[in-house]
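Below is one structure, written out as structure tokens; the observations come after it.
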Amino acid sequence: MAIVEFKNVSRVYRNGDHEQRALDHVNLNLEEGKFIVVLGPSGAGKSTLLNMLGGLDSPTEGTIVVNGRDISTLTPNELAEYRAASVGFVFQSYNLIPTLTVIENVALVKEIAPDPLSSHDMLRAVGLEDHIHQFPSELSGGEQQRVSIARALAKNPHILLCDEPTGALDSETGVMVLKLLLSMARDMGKTIIIVTHNQNIAKMADVVIRVKNGKIRSCEEQDHPLAAEEVDW
């Protein structure tokens, strides 16, 4: 069953007479419960695709349907509700609140998510159970990234959108996080979409999407994706 449908979607940015077409008439169907990797060079349109699916940006033309709902027609308040109920985000910037402890940063999702998971369980899953009372400034960049991943998972979203989620992590921790994301897709039926430059992560994907110059160049299913520990990192 398709959980996401892009129908002739374009996103055009204009600056005076200059026009930049970040996405160019994209058509895409994504099934529920898949681990999906989006590959492409910088400026290809990967992050624009992710932002529009997350309701952070709107298409210039076309429609985006998520769970049968056209999110491209939603008001700002409706988009905020959509993001709160349906979507989790992991960005390259950690977006942690510096005056809150690790556990408090993750527990924030309880205020907006309709069915959150345990903050303690998610921090344990990313290996930070011994750091829950520390503040972000007391953590390394990789540890802060793991807090942001735990927060996104604790939200228990239908779709998790990840922009280079392992970029700040060492290979051992990156494998641990990817195993957790794979489990969210395989065991819990979540749709995980990762934007990355890392070809190794693509080896684990159910679906690999390649983007270039704002267009989908290919969208291929993989019959036998590798497990995280099977990839030569």
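Every number here is computed from the coordinates shown, using simple stated rules; none is lab data. Note that this is a predicted model, so its numbers are computed, not measured. Quick reminder, even Gly has a Cβ in these numbers, built from the backbone with ideal geometry, and neighbours come from all protein chains shown.
Structure values in brief
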item	result
Stretch gain in nm, segment Ile112-Lys212, where the contour uses 0.36 nm per residue and the Cα spacing is subtracted	32.5 nm
Per residue, the convex hull volume that the Cα atoms of the stretch 134-211 enclose (Å³)	99
Estimated [θ] at 222 nm from DSSP helical runs (n ≥ 4, -39500 (n - 2.57)) normalised by residues in the chain, nearest 500	-8000 deg cm²/dmol
Coil-residue trypsin sites (Lys or Arg not before Pro) of the stretch 129-233, DSSP, other Cβ within 10 Å capped at 16	none
Over the stretch 75-233, relative contact order from alpha-carbon pairs under 8 Å, at least 6 apart, %	22
Nitroxide proxy distance, nm - points 7 Å out along Cα→Cβ at Asn29 and Glu221	1.0
Gain in span if fully extended, Arg69 to His197, counting 0.36 nm per residue against the direct Cα distance	43.0 nm
Rounded Å value of the spacing that divides the Cα centres of the stretch 38-82 and the stretch 154-212	19
Per-selection Rg to Rh, the stretch 1-104 - Cα, Kirkwood hydrodynamic radius	1.00
Förster radius 35 Å - calculated FRET efficiency between Arg21 and Lys179 (Cβ-Cβ, nearest 0.05)	0.40
Neighbour net charge for Arg124 - beta-carbon separation under 13 angstrom, K R +1, D E -1	-2
Sites Thr60 and Met1 - FRET efficiency at Förster radius 45 Å, r taken between beta-carbons, to 0.05	0.95
Violating pairs (Cα-Cα greater than 18 angstrom) within the set Lys7/Lys203; Lys155/Lys203; Lys7/Lys190; Lys7/Lys46; Lys46/Lys110	Lys7/Lys203; Lys155/Lys203; Lys7/Lys190; Lys46/Lys110
Magnitude of the charge dipole, the chain, Cβ model with Lys/Arg +1 and Asp/Glu -1, debye to 20	520
Amide H contacts of Asn156 (H built 1.01 Å from N, under 5 Å, at least 5 apart or other chain)	Leu117
Under 10 Å, Cβ to Cβ, from Ser86 - net charge with Lys/Arg +1 and Asp/Glu -1	+2
13 Å beta-carbon shell around Ala22, net charge (K/R +1, D/E -1)	+2
Cα radius of gyration and Dmax for the stretch 87-152 (Å)	10.6, 31
Additional length obtainable on full extension of the chain from Met188 to Ser93, 0.36 nm per residue less Cα span	31.6 nm
Directionally averaged shadow of the chain, computed from the convex hull of its alpha-carbon atoms, nm²	13.0
